[in-house]
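Written below as structure tokens is the structure these notes are about.
The values are calculated or read from the model by the stated rules, or taken from the named source; none is laboratory data. A quick note: this is a predicted structure, and the numbers were derived from the prediction, not measured. So basically every Cβ, Gly included, is an ideal-geometry build from the backbone, and we count neighbours across all protein chains shown.
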Amino acid sequence: MDEYSRPLKKPEARHRYWHIQKAERDFFPDAHVVFKLKFHGKTYELKVNHKDDVMTGQLYHTHHFLEGDQITITKKAKNSYVLDAPDTKPYPELS
């Protein structure tokens, strides 16, 4: 699998995390291993925690993620990914 795509659930958008289901767990690095995620020209360093959640608070500094927003993550290399989130909007003061 080179791509991971799905809509965000309400708790994920509100509490700034993505829960990774067991079926997709192999797409991401092991727990606590830092990986790079490129989003809108900026690279973020994230990791999966012990509960299979990716804490995404860093992404909220520039964009607002809402329930139902589609996220598509493409694997580019080992521990290197690109995020496409066409439904998200930049915060008005940043645009």
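How many of the residues in region 40-94 are of a type outside the set (A, V, I, L, M, F, W, C) and not in a strand (DSSP E or B)?
First, pick out the residues of region 40-94 that are of a type outside the set (A, V, I, L, M, F, W, C): 40-45, 47, 49-53, 56-58, 60-64, 67-70, 72, 74-76, 78-81, 84, 86-93.
Within this subset, residues satisfying the condition of being not in a strand (DSSP E or B) are 40-41, 47, 49-52, 56-58, 60-62, 67-69, 78-79, 86-88, 91-93.
Qualifying residue count, region 40-94: 24.
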Per the filter on region 49-79, residues farther than 14 Å from Asp26 by Cα and of a type in the set (Ser, Thr, Tyr) are Thr56, Tyr60, Thr62, Thr72
Take the residues in region 25-83 that are among the acidic types (Asp, Glu) and surrounded by 12 or more Cβ atoms within 10 Å (Cβ to Cβ); name whichever of them is nearest to the chain's Cα centre (by Cα).
Asp53
For region 24-75, the count of residues that are in contact (Cβ under 8 Å) with a residue 60 or more places away in the chain and either more than 16 Å from Leu8 (Cβ to Cβ) or small (Gly, Ala, Ser) (or both) equals 3
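Look through Pro90, Pro86 and report the one residue that is surrounded by fewer than 16 Cβ atoms within 10 Å (Cβ to Cβ) and free of Cβ contacts under 8 Å to residues at least 24 places away in the same chain. Walk me through it before giving the result.
Working: Pro90 fails: free of Cβ contacts under 8 Å to residues at least 24 places away in the same chain.
On inspection, the qualifying residue turns out to be Pro86.
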Any idea which of (1) modelled with pLDDT under 95; (2) surrounded by 13 or more Cβ atoms within 10 Å (Cβ to Cβ) is the one Asp2 doesn't satisfy?
(2)
Which residues, counting only those in region 4-39, are assigned to a strand (DSSP E or B) and out of contact with any Lys or Arg (no Cβ under 7 Å at 6 or more places or on another chain)?
Tyr4, Ser5, Arg6, Pro7, Tyr17, Trp18, His19, Lys36, Leu37, Lys38, Phe39
Would you check if there is a residue in region 1-15 being closer than 17 Å to Leu59 by Cα and aromatic (Phe, Trp, Tyr)?
no
